[in-house]
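> Please see the structure below; I have some questions.
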């Protein structure tokens, strides 16, 4: 099955960000997104919350979808390809949810040391 056009555009924007910023993290995200959809990552808010606790003050990136199982207990910026509506609501109560495609557009302004990739 072919990749969705939206995913292809996201991969292209991540690769463009990698070339423009010369930061390996964007190329890593692009390669993770280029894997088969049967390997797509899904994580719960509970798992994201644990990662936030381990990486205080950092932006958490999920190269997949966030599901609403659990509650956000700490303030954080969470970046993901997608999230269920209830997951977005729970994240936005404590922190901020940003789509990966929007976050990649401002890659030049982001410090790689402030990012943590889950998965």
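Please treat every number below as a calculation from the coordinates, not as lab data. Predicted, not measured: the structure shown is a model, and the values here were computed from it. Virtual Cβ from ideal backbone geometry, glycine too; neighbours counted across all protein chains shown.
> Would you kindly state how much longer the chain becomes between residue 56 and residue 74 on full extension, computed as 0.36 nm times their sequence separation minus their alpha carbon distance, in nm to one decimal? Present the calculation step by step, with values, prior to reporting the outcome.
Working: separation 18, 0.36 × 18 = 6.48 nm, distance 0.90 nm.
That works out to 5.6 nm of additional length.
> Taking only Cα atoms, what is the 0 to 90° angle, nearest 10, from helix 85-94's long axis to the longest principal axis of the chain?
70
> Rounded, prolate or oblate: pick one for the chain, where a ≥ b ≥ c are the square roots of the eigenvalues of its C-alpha gyration tensor, a/c under 1.5 means rounded, and failing that, prolate if a/b is larger than b/c, else oblate.
Details: a/c = 1.96, a/b = 1.29, b/c = 1.52.
Here the chain falls in the oblate category.
> Calculate, for residue 44 and residue 96, the FRET efficiency according to 1/(1 + (r/R0)^6) with r their C-beta to C-beta distance and R0 30 Å; round to the nearest 0.05.
On the way: r = 18 Å, r/R0 = 0.61.
Approximately 0.95, to the nearest 0.05.
> Between segment 33-47 and segment 89-107, how many Å separate their Cα centres?
Taking the Cα centre of segment 89-107 as reference, the centre of segment 33-47 is 17 Å away.
> Could you list 8, 78 in order of exposure, starting from the residue whose Cβ has the fewest other Cβ atoms within 10 Å?
Working: 8 13, 78 26.
Listing 8, 78 from fewest to most nearby Cβ atoms yields 8, 78.
> Could you work out the relative contact order of segment 5-117, using alpha carbon pairs under 8 angstrom and six or more residues apart, expressed as a whole percent? Before the final figure, lay out each step's value.
Working: 181 pairs, mean separation 28.2, N = 113.
It rounds to 25 percent for segment 5-117.
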